[in-house]
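Notes for the one structure printed next.
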Amino acid sequence: MPDAVALAFQAAAPFGRVSLLASTRGDSTVNFYRDVHRKGLTIIGAHASLTVASSESRPGFWTWRDDAECFMRLLAAGRFQLDPLISTVVDWRTAEALYSRILSGDRDLIGTLIRWV
């Protein structure tokens with residue numbers, strides 16, 4: 001959803017940080033002067049392809065495993081609120097219909113959980 005990039009820049013507070021995670025593919029129209037430079041934003045881009053499991057971590061460059069372990073520690077410590085991101089919970093027996101919705105581009109599927117029990 002490349003349109004979300006411009007919206008994130010507009011919504012960010014002065015001197016805020018915008019993290020672009022995963023694949024924000026496609027073209028987006030951004031007024032860099034108004035929405036980035038004038039506000040003093042810091043833009044951070046991150047993509048899983050930049051982490052190499054066989055390399056060692058160093059400051060600013062973690063392996064995928066280190067990222068995952070950090071996320072799990074922060075989650076366990078209550079530093080993230082994931083409930084607001086969950087839009088849909090489905091039983092595993094209806095997963096095929098869920099995947100059809102995903103493939104059709106259903107924008108109501110923000111965060112989806114498949115219940116396996």
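Observations on the model:
- Of all residues in the range 106-117 being open to solvent by 70 Å² or more (accessible area, probe 1.4 Å) and hydrophobic (A, V, I, L, M, F, W, C), the one that is nearest to the chain's Cα centre (by Cα): Ile110
- Evaluation of Leu103 against the conditions (1) under 23 Å from Ala4 (Cα atoms); (2) among the hydrophobic types (A, V, I, L, M, F, W, C); (3) within 18 Å of the chain's Cα centre (by Cα) shows that the sole unmet condition is (3).
- All of Ala22, Ala53, Ala8 fail the test of being under 23 Å from Ile110 (Cα atoms) and either at pLDDT below 90 or basic (Lys, Arg) (or both), apart from Ala22.
The values are calculated or read from the model by the stated rules, or taken from the named source; none is laboratory data. All of these numbers come straight from a predicted model, not from anything done at the bench. Side chains are part of the model used for accessible areas, which takes the heavy atoms of the whole protein and leaves out ligands, DNA and RNA. Shrake-Rupley method; radii C 1.70, N 1.55, O 1.52, S 1.80 Å.
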